[in-house]
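The values are calculated or read from the model by the stated rules, or taken from the named source; none is laboratory data. Worth saying up front: this structure is predicted, and the values here are computed from it rather than measured. Cβ placement follows ideal geometry from the backbone for every residue including glycine, while neighbour counts extend to all protein chains displayed.
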Amino acid sequence: MQLTYPKAPANGVQTLRPALQAALHTQGLANTRPFANLAPSKISLSAAYRGYSLTLDDLSQGHGLSAARLGDWHYLVFADGVSIADAQLANVRGHVEFASLNHGTMAAATVDALKLAEQSAQLHGKTVEMRVLFISALHVVAIWLHAADEDVLIPIAPTPQALAPTQLYSEAALLGRLQAAAASARQRFDADTTGLLGS
């Protein structure tokens, strides 16, 4: 399997650098602990890839990946070759700005999903573009390996395991698996009179 990436923002790494340096100099806080005692020379970044999102309405109306909306730029942050964070840049009025530095399970889960994909006979010898898909209403995150003739999706943490355990899915298989959860969530939203759901 050969991974390809979209053309990254020309100033993406430079935009991230101050946030990474701040994390290195803010020791002791829970959200920066993976960076504690690291030298800047130990930090490296993956190539940039894009996030996409599908809404509850998209799923309820049977829309597929072609309806996914383009989102933030993502970079995996590595320390000595180990993934420790997911850094995001957002497009704001024609240029990129730092959005967030996430230290949760997503970075490690992304690397695990890519290892699973590399071992898959289904993807052997194929060239795919690296993407990440978010279906926030269902708490679903999936690595999206896109090719002209095929899309492969690998749900990753923090996706609830009961909803979609980590494995390779076709677009139809994963979205089909999520339809019941989407319908249930849609009913809850439609029945809500407090206006608090989704806020």
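Within the range 92-107, identify whether any single residue is at pLDDT below 95, under 15 Å from Val132 (Cβ atoms) and in a helix (DSSP H, G or I), and answer yes or no. Yes, the range 92-107 has at least one match.
Looking for something under 18 Å from Leu175 (Cβ atoms), surrounded by 14 or more Cβ atoms within 10 Å (Cβ to Cβ) and of a type in the set (Ser, Thr, Tyr) - is there at least one such residue anywhere in the range 56-78? Yes: the range 56-78 contains one or more residues that are under 18 Å from Leu175 (Cβ atoms), surrounded by 14 or more Cβ atoms within 10 Å (Cβ to Cβ) and of a type in the set (Ser, Thr, Tyr). Residues that are touching an Asp or Glu at 6+ places or on another chain (Cβ under 9 Å), free of Cβ contacts under 8 Å to residues at least 60 places away in the same chain and under 21 Å from Arg186 (Cα atoms) within the range 35-65 comprise just one, His63.
Taking (1) touching a residue at least 24 places away in the same chain (Cβ under 8 Å); (2) buried (at least 23 other Cβ atoms within 10 Å of the Cβ) in turn, Phe98 satisfies each apart from (2).
Residues in the range 22-36 include at least one that is at positive phi and at pLDDT below 75.
Looking at the structure I just gave you, is Thr166 over 22 Å from Gly51 (Cβ atoms) and either among the hydroxyl-bearing types (Ser, Thr, Tyr) or modelled with pLDDT of 90 or more (or both)? So Thr166 does not fit the description; no.
For Leu153, the criteria (1) in contact with a Phe, Trp or Tyr (Cβ under 8 Å, 6 or more places away or on another chain); (2) free of Cβ contacts under 8 Å to residues at least 60 places away in the same chain; (3) closer than 24 Å to Ala10 by Cβ hold in every case but one, which is (3).
Restricting the range 114-135 to residues that are over 11 Å from the mean Cα position of the chain (by Cα), of a type outside the set (D, E, K, R) and not in a loop (DSSP other than H, G, I, E, B) leaves a set whose member that is surrounded by the fewest Cβ atoms within 10 Å (Cβ to Cβ) is Ala121. Against the criterion of being more than 29 Å from Gln187 (Cβ to Cβ), among the hydrophobic types (A, V, I, L, M, F, W, C) and surrounded by fewer than 20 Cβ atoms within 10 Å (Cβ to Cβ), Val92 qualifies.
Scanning the range 138-162 for residues that are under 11 Å from the mean Cα position of the chain (by Cα) and surrounded by fewer than 19 Cβ atoms within 10 Å (Cβ to Cβ) turns up Ala157, Pro158. Do we have Asp86 as among the acidic types (Asp, Glu), crowded, with 17+ Cβ neighbours inside 10 Å and outside any helix (DSSP H, G or I) here? Yes. Among the residues of the range 143-161, is any in a helix (DSSP H, G or I) and modelled with pLDDT of 95 or more? Among the residues of the range 143-161, not one is in a helix (DSSP H, G or I) and modelled with pLDDT of 95 or more, which makes the answer no. When we screen Ala39, Ala67 for residues that are of a type in the set (Gly, Ala, Ser) and out of contact with any helix residue (DSSP H, G or I) (no Cβ under 7 Å at 6 or more places or on another chain), the only hit is Ala39. Taken residue by residue, the range 102-120 has no member that is among the hydrophobic types (A, V, I, L, M, F, W, C), within 20 Å of Val13 (Cα to Cα) and in contact (Cβ under 8 Å) with a residue 60 or more places away in the chain.
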